[in-house]
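Structure first, commentary second.
The values are calculated or read from the model by the stated rules, or taken from the named source; none is laboratory data. Computed from a prediction, not measured in an experiment: that's the story for all the values here. Accessible surface areas use protein heavy atoms only, side chains included; no ligands, DNA or RNA. Shrake-Rupley method; radii C 1.70, N 1.55, O 1.52, S 1.80 Å.
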Amino acid sequence: KVHDKSLSSPGDPTKYDTLQKIVLAEAKEGDRTATQGLLWLKRGLELTAMALKRNLDNPAEELSVSFTEAYNNTLKQFHNFLVKKMFGMAMLACPDRKSFYEKVGGGKPDVHEQLLAWVNALQALLNELNIFYAKGAYDKGL
């Protein structure tokens, strides 16, 4: 949805060259398709950032616990009973902590530091989007 919107003005490539420009344009037009898509992307990335940060801060905690706690604090409020149950089932397939960090880091000793830097950068971008959405109440009704 967001990608389609970004390509929808070939005559003016700067019209939708930022996420904020897309949301502002949709607020004026009344079509909030990309705004809603971005909102759900933002929510999913908040889940990811929160879960990974929690897991990095708690070296004895399994990924499934970190992701479940992050889900409870982010997406759960927007899901119905069925989706909540599906998330719980998905956590049964979540890799164990050791396997995850070995795959992500390829056995490198600084994987935690690099992942923490990535999570912090992601959180900074999410903070910017959260301020933007709150300022314009762009998430209301979506």
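Points worth noting:
- Of all aspartates and glutamates in the structure, those lying under 13 Å Cα to Cα from residue 53, and not within fewer than 8 positions of it along the same chain, are 61, 62, 69, 113.
- The angle between the Cα long axis of helix 81-91 and the main principal axis of the chain comes to about 50°, on a 0 to 90 degree scale.
- With respect to the chain, whose longest principal axis is taken over its alpha-carbon atoms, helix 19-29 is tilted by about 40°.
- Cα long-axis angle, helix 111-136 against the chain (0 to 90 degrees, to the nearest 10): 30 degrees
- For region 48-57, Karplus couplings with θ = phi - 60° (6.51, -1.76, 1.60), whole Hz, Gly/Pro x: 4, 4, 5, 5, 5, 4, 4, 5, 5, 6
- Over 32 Å between alpha carbons, listed pairs 85/108; 84/108; 1/76; 5/98: 85/108; 84/108; 5/98
- Whole-percent carbon and sulfur share, accessible surface of region 1-125, 1.4 Å: 60 percent
- Take the chain with all the other protein chains still there, run a 1.4 Å probe, and you get 62 Å² of accessible area per residue.
- Extent along the principal axes, Cα only, for region 15-111: 49, 36, 19 Å, with the longest axis given first.
- Alpha-carbon centroid distance for the pair region 9-28 / region 34-62, whole angstrom: 26 Å
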